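Visitor: After the structure tokens below, expect a handful of questions from me.
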Amino acid sequence: MKKKFRAAVVQMKSSVNKEQNLAYSLNLINEAVKNKAQLICFPEFQMAYSPAEQKPEELHKIAEKIDGNFISMLSSSAKRNKINVIATLYEFIDTNKQNHKVFDTAVIINERGKLESVYRKVHLYDALGFKESKKLIAGSIIERPTRTSVGNLGLLICYDMRFPEISRILAVNGASILVSPSAWVAGFMKREHWEIMLKARAIENGVYVIAPNQLGNIYCGRSMVIDPFGTALVDMGNREGMEIMDIDNSRINTIRRRLPLLKNRRTDVYKNYIDVFDSES
């Protein structure tokens, strides 16, 4: 793991045309490499924007298998440019026959172009007037953090950020950087929630949080990178494009020594209550 490395966070306005979005993504990878980035992180729905009126069967036609053209092209670019890539797609598998629904999937592609992790969004956004479960299937596995040349990366997606359990599970299993590809919907207090929770997940786990977000359509932008003490290193506001920043992995251990939240956990106490509270709720 490199002590310091350069990362790129992408804030994009995906169109309904996946070929257009793929071409844009490939251009950004080339640009990131010119800026000596060793990791590039794309937002949720990188493959395509799905308007509210789009039917599940129409989205299913856009979706691909994990080894389809969309990820294969990104993998080839990662290998050619020697850069780690966090990408997202609508994924279908042969056993997916649930009314044409698809998975909301994020992947880690290493600098050799190898697919290292496939995470299917666990928490679907059925809240605040939205119902993602009309088109999407929820995943059921929290993938273990992936060891890469830039650190141990843990994946979650957008609405997952509202559930601290998933970030904590990733952190205690070795994640030093949480990457949360997102398409955070704009609305009353939504930007405030976004910033507060990104900072909370970083502080409580002593990790970097990299959160590339969608811009435009119905989304709020403000892609952010938060350090382990809660400092915002990047806030892209309403700017479409890419931001390059330097990440210092040594800061993780420094912060965890000063604020040993993971070490000070009382799991011996917590375990006595989890099942009790769940059964009483």
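The values are calculated or read from the model by the stated rules, or taken from the named source; none is laboratory data. This structure is a prediction, so every number in the text was calculated from the model and none was measured. With ideal geometry, Cβ positions are generated from the backbone for all residues, glycine too; neighbour counts draw on all protein chains shown.
Visitor: Given (1) within 20 Å of Met242 (Cα to Cα); (2) in contact with a Gly (Cβ under 9 Å, 6 or more places away or on another chain); (3) surrounded by 20 or more Cβ atoms within 10 Å (Cβ to Cβ); (4) in contact (Cβ under 8 Å) with a residue 60 or more places away in the chain, identify the lone condition not met by Ser77.
Guide: Unmet condition: (4).
Visitor: Between a residue in the range 120-137 that is of a type in the set (Gly, Ala, Ser) and any residue that is outside any strand (DSSP E or B), which pairs come within a Cβ distance under 7 Å, given they are 6 or more apart or on different chains?
Guide: Ser133/Leu124; Ser133/Asp126
Visitor: Please go through (1) in contact (Cβ under 8 Å) with a residue 40 or more places away in the chain; (2) under 18 Å from the mean Cα position of the chain (by Cα); (3) surrounded by 18 or more Cβ atoms within 10 Å (Cβ to Cβ) for Ile255 and return the number of the only condition it doesn't satisfy.
Guide: (2)
Visitor: Residue by residue through the range 10-23, note down the ones that are over 19 Å from Ala211 (Cα atoms), surrounded by fewer than 20 Cβ atoms within 10 Å (Cβ to Cβ) and not hydrophobic (A, V, I, L, M, F, W, C).
Guide: Within the range 10-23, Ser15, Asn17, Glu19, Gln20 qualify.
Visitor: Mind telling me which of the residues Thr231, Thr267 ends up being at pLDDT 95 or above and out of contact with any strand residue (DSSP E or B) (no Cβ under 6 Å at 6 or more places or on another chain)? Before the answer, list the steps.
Guide: On the way: Thr267 fails: at pLDDT 95 or above.
Every option except Thr231 fails the conditions.
Visitor: Have a look at Ile218, Ile203, Ile177 and point out the one that is over 14 Å from Gln11 (Cβ atoms), more than 15 Å from the chain's Cα centre (by Cα) and buried (at least 19 other Cβ atoms within 10 Å of the Cβ). Please lay out each step first, then the result.
Guide: Details: Ile218 fails: buried (at least 19 other Cβ atoms within 10 Å of the Cβ); Ile177 fails: more than 15 Å from the chain's Cα centre (by Cα).
Every option except Ile203 fails the conditions.
Visitor: If I filter the range 79-96 for residues that are among the charged types (D, E, K, R) and part of a helix (DSSP H, G or I), do I get at least one hit?
Guide: Step one: of the range 79-96, the residues among the charged types (D, E, K, R) are 79-80, 82, 91, 94.
Of the ones still in play, those that are also part of a helix (DSSP H, G or I) are 79-80.
Scanning the range 79-96, I find at least one residue that is among the charged types (D, E, K, R) and part of a helix (DSSP H, G or I), so the answer is yes.
Visitor: Go through Glu116, Glu111, Glu143 for me and flag whichever is part of a strand (DSSP E or B) and surrounded by fewer than 24 Cβ atoms within 10 Å (Cβ to Cβ).
Guide: Values: Glu111 fails: part of a strand (DSSP E or B); Glu143 fails: part of a strand (DSSP E or B).
Glu116 is the lone residue from the list that is part of a strand (DSSP E or B) and surrounded by fewer than 24 Cβ atoms within 10 Å (Cβ to Cβ).
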